[in-house]
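**Student:** Before I ask anything, let me first share the structure, which is written out below as structure tokens.
The values are calculated or read from the model by the stated rules, or taken from the named source; none is laboratory data. It should be emphasised that the depicted structure is a prediction, and the values quoted were computed from it without experimental measurement. Cβ coordinates were reconstructed from backbone atoms using ideal geometry, including for glycine residues, and neighbour counts include every protein chain displayed.
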Amino acid sequence: MPNFSKHIFVCGNQRVDGHSRGCCDPTGRGDLQRAFKARLAQSGVQASVRANKSGCLDQCEHGPTVVVYPDGVWYGAVSISDVGEIVESHIVGDRPVERLRLADGCVNTPQCMHRTSRSS
């Protein structure tokens, strides 16, 4: 089997209702990750692109969050209705979806204006 050309990591972290940092998968069902897997299959790229459910990506205030590697493109506030656009534009067409893309200054930095707390 050839190596995967891209990996999509979909945050599946859960927190109690009302947590100050939010929660990427409040139902715990992994619906967003399953939607990515289904769309990859529909697009015919499931053999070369993997969609994995991940643990906390520590971008909770931007959730639900998704990151595509090796591109290092982070997406925030991703909904199931965005999955098709991400797969077709970014994964198939190599054009990241700018409207969902997190600014570099908001990824892995305590200074992001969206951060309400650094506690988990």
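**Student:** Any residue in the range 18-39 that's outside any loop (DSSP other than H, G, I, E, B): show its pairings with residues that are not aliphatic (A, V, I, L, M) at Cβ separation under 6 Å, as long as the two are six or more apart or on different chains.
**Tutor:** Leu32/Pro64; Gln33/Lys53; Arg39/Gly84
**Student:** Pairs only if they're at least six apart or on different chains, beta carbon under 7 angstrom, first in the range 81-100 and without any contact (Cβ under 8 Å) to a residue 24 or more places away in the chain, second among the acidic types (Asp, Glu); list them, first residue then second.
**Tutor:** Close Cβ pairs satisfying both conditions: Val97/Glu85.
**Student:** For the structure I just gave you, tell me whether Cys56 is in contact with a Gly (Cβ under 8 Å, 6 or more places away or on another chain), part of a loop (DSSP other than H, G, I, E, B) and either of a type outside the set (Phe, Trp, Tyr) or at positive phi (or both).
**Tutor:** Criteria not met by Cys56.
**Student:** If Val107 satisfies all but one of (1) within 14 Å of the chain's Cα centre (by Cα); (2) surrounded by fewer than 18 Cβ atoms within 10 Å (Cβ to Cβ); (3) β-branched (Val, Ile, Thr), what's the number of the condition it fails?
**Tutor:** (2)
**Student:** Output the residues belonging to the range 23-43 that are modelled with pLDDT under 95 and surrounded by fewer than 19 Cβ atoms within 10 Å (Cβ to Cβ).
**Tutor:** Across the range 23-43, the qualifying residues are Pro26, Thr27, Gly28, Arg29, Gly30, Asp31.
**Student:** Given the residues Val45, Val10, which is the only one that is in a loop (DSSP other than H, G, I, E, B), closer than 16 Å to His90 by Cβ, in contact with a helix residue (DSSP H, G or I) (Cβ under 7 Å, 6 or more places away or on another chain) and of a type in the set (Val, Ile, Thr)?
**Tutor:** Val45
**Student:** Evaluate the following for Ile91: is it at pLDDT 95 or above and touching a strand residue (DSSP E or B) at 6+ places or on another chain (Cβ under 9 Å)?
**Tutor:** Spelling it out, Ile91 is indeed at pLDDT 95 or above and touching a strand residue (DSSP E or B) at 6+ places or on another chain (Cβ under 9 Å).
**Student:** Could you grab me the full set of residues in the range 1-17 that are buried (at least 17 other Cβ atoms within 10 Å of the Cβ), in contact (Cβ under 8 Å) with a residue 60 or more places away in the chain and more than 16 Å from Ile80 (Cα to Cα)?
**Tutor:** Residue satisfying the conditions is Lys6 alone.
**Student:** If you don't mind, another one. Working only within the range 94-104, note down all residues that are modelled with pLDDT of 90 or more, surrounded by 13 or more Cβ atoms within 10 Å (Cβ to Cβ) and in a loop (DSSP other than H, G, I, E, B).
**Tutor:** Pro96, Val97, Leu100, Leu102
**Student:** Suppose the filter is more than 13 Å from the chain's Cα centre (by Cα) and in contact (Cβ under 8 Å) with a residue 40 or more places away in the chain; does Ser43 pass it?
**Tutor:** yes
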